[in-house]
Amino acid sequence: MEVLNKIAVDNLRHYLQIPSVHPNVDYDECVELLQTIGKDLSLPVEVIFVKPKKPVVIITWKGQRPELKSILLNSHMDVVPVFEEEWKYKPFSAEIVDGKIYGRGAQDMKSIGIQYLEAIRRLKLEGHTFKRTIYVCFVPDEEIGGEDGMNLFVQTEFFKKMNVGASLDESVATEKKEFRVFYGEKNCWQFTIHCKGPTGHGSLLLERTSGEKVTHLLNKVYEYRNGQKRLMGGDPSNIFGNIASINCTKIRGGVQDNVIPQEIAISFDCRIPSSYNHKEFEDMLSQWCTEAGGDCDIEYHQKDEPVLDTSIDESNIFWNAFRRAAEKSKIQFIHRYVVELQTVDICGRLEFLPLGSHQSTTLQFYCTLTTNI
Ligand SMILES: [Zn+2]
């Protein structure tokens with residue numbers, strides 16, 4: 001076991017030492033390392049360029065019944081920029097201090113990519129084989145939206161042939177035994193309401209001014225927001241829960257201090273769970289605009305279509321396997337919505353089971369999970 005642990009730590013450190021950092025990430029070294037590990041595991045490694053300089057690495061462990069829906073273990077190779085002066089240890093040195101490895105990407109999410117592979121190493125050594133094919137994928141550019149990564153990859157013939165039935169991806173790191181499983185993604189709506197009204201001298205008390213309309217709308221929005229906050233049950237970490245968020249992000253208008261503005265524009269960022277009725281939500285916004293006195297036009301900048309949640313009931317065989325594996329490994333998990341996680345979103349649109357999970361303390365879980373499906 002000690003030898004295996006050393007291999008896992010060495011591979012993780014090596015991966016962390018590759019500065020696959022935005023902007024303009026060079027993925028060559030990541031691909032090289034993953035090819036080496038794949039070879040070491042005696043598994044075929046394929047590299048597909050979804051665009052020049054945008055490789056997706058796919059390591060395949062073929063199942064006994066490859067016609068069955070497969071399991072995808074996904075992670076991204078890129079990491080967000082660093083501000084070196086804020087770091088205690090160099091961000092790409094992967095130093096070990098008091099048993100902890102420090103490095104950009106240690107949590108998000110190079111550790112998970114290596115955990116998949118090291119779990120497979122252990123399972124293979126123990127002589128396991130599985131019904132379903134397992135694909136371990138490493139995608140580029142997740143941190144900048146996945147447009148030139150997962151989003152293009154899922155449109156390839158290669159991906160379609162993979163016939164994925166369930167996938168595991170990232171969540172948020174935890175130091176506790178309890179970790180979060182994301183099974184859905186909130187939909188982002190960003191919009192501006194243009195509140196118009198009569199203009200005139202600032203000394204007049206005109207009716208239905210833009211300012212009055214803004215006041216009405218902001219009152220409504222923040223009343224709604226308070227209601228959602230109450231549903232959080234006083235737990236600020238519950239932002240991941242099944243509730244909507246809405247915030248006023250910009251206010252623009254007016255020409256000078258003594259003139260009532262003809263228009264004030266207020267912008268909002270809003271994240272709505274798929275379980276909410278989006279039509280009702282839109283109607284509620286329209287209703288507020290009418291109540292405000294009319295002449296309040298909503299201009300949508302982004303309006304995501306709802307994506308189906310991964311079902312987390314007994315009917316879902318993959319979910320059952322996931323739950324049983326967690327129980328067996330004595331890992332507690334809590335179901336949560338994710339605020340923004342590109343891959344879950346993209347996979348959700350394809351209607352197979354995507355789950356975000358993040359287990360930074362043990363490989364046992366992945367081993368148990370793959371044994372169970
Ligand atoms: Zn990530």
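The values are calculated or read from the model by the stated rules, or taken from the named source; none is laboratory data. None of the values given here were measured: they were computed from a predicted structure. When we count neighbours, we look across all protein chains shown, and the Cβ atoms used for this are built from the backbone with ideal geometry, even at glycine.
Return the only residue of E175, E212 being surrounded by 13 or more Cβ atoms within 10 Å (Cβ to Cβ) and touching a residue at least 12 places away in the same chain (Cβ under 8 Å).
E212
Within segment 151-178, restricting attention to residues that are closer than 22 Å to N316 by Cβ and within 15 Å of the ligand (Cβ to nearest atom), which residue is modelled with the lowest pLDDT?
S171
How about segment 55-76: which of its residues are under 23 Å from G103 (Cα atoms) and touching a Leu at 6+ places or on another chain (Cβ under 8 Å)?
V57, L73, N74, listed by residue number.
Against the condition under 24 Å from R323 (Cβ atoms) and either touching a residue at least 12 places away in the same chain (Cβ under 8 Å) or buried (at least 22 other Cβ atoms within 10 Å of the Cβ) (or both), how does L168 come out, does it pass?
Yes: the conditions hold for L168.
When the residues of segment 91-150 are narrowed to those that are of a type in the set (S, T, Y) and in a helix (DSSP H, G or I), which ends up farthest from the ligand (Cβ to nearest atom)?
Result: Y116.
Quick one: in segment 222-248, which of the residues that are within 16 Å of D269 (Cβ to Cβ) and assigned to a loop (DSSP other than H, G, I, E, B) is modelled with the lowest pLDDT?
For segment 222-248, the residue satisfying everything is I243.
Just name the residue that is farthest from the ligand (Cβ to nearest atom) out of those in segment 70-84 that are in a loop (DSSP other than H, G, I, E, B) and surrounded by 17 or more Cβ atoms within 10 Å (Cβ to Cβ).
In the first step, residues of segment 70-84 are kept if they are in a loop (DSSP other than H, G, I, E, B); the result is 77-78, 80-83.
Still in the list and also surrounded by 17 or more Cβ atoms within 10 Å (Cβ to Cβ): 77-78, 82.
Numbers: M77: 10, D78: 8, V82: 15 Å.
Here the residue is V82.
Say whether the condition of being touching a Gly at 6+ places or on another chain (Cβ under 7 Å), surrounded by 19 or more Cβ atoms within 10 Å (Cβ to Cβ) and not small (G, A, S) is met by at least one residue in segment 18-29.
no
Condition check ((1) without any contact (Cβ under 8 Å) to a residue 24 or more places away in the chain; (2) of a type in the set (F, W, Y); (3) not assigned by TED's automatic domain parsing to the domain that holds T209) across all residues:
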residue: P273; (1), (2), (3): no, no, no
residue: N277; (1), (2), (3): yes, no, no
residue: E280; (1), (2), (3): yes, no, no
residue: C289; (1), (2), (3): no, no, no
residue: C296; (1), (2), (3): no, no, no
residue: L308; (1), (2), (3): no, no, yes
residue: S315; (1), (2), (3): yes, no, yes
residue: R323; (1), (2), (3): yes, no, yes
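Would you be able to say whether some residue in segment 85-94 is touching a residue at least 60 places away in the same chain (Cβ under 8 Å), assigned by TED's automatic domain parsing to the domain that holds L12, of a type in the set (G, A, S) and crowded, with 22+ Cβ neighbours inside 10 Å?
Within segment 85-94, one or more residues are touching a residue at least 60 places away in the same chain (Cβ under 8 Å), assigned by TED's automatic domain parsing to the domain that holds L12, of a type in the set (G, A, S) and crowded, with 22+ Cβ neighbours inside 10 Å.
Among the residues of segment 296-311, are any at pLDDT 90 or above, over 21 Å from Q228 (Cβ atoms) and in a loop (DSSP other than H, G, I, E, B)?
No, segment 296-311 contains no residue that is at pLDDT 90 or above, over 21 Å from Q228 (Cβ atoms) and in a loop (DSSP other than H, G, I, E, B).
With the condition kept exactly as written, say whether any residue in segment 181-193 is part of a loop (DSSP other than H, G, I, E, B) and more than 14 Å from the ligand (Cβ to nearest atom).
Among the residues of segment 181-193, at least one is part of a loop (DSSP other than H, G, I, E, B) and more than 14 Å from the ligand (Cβ to nearest atom), which makes the answer yes.
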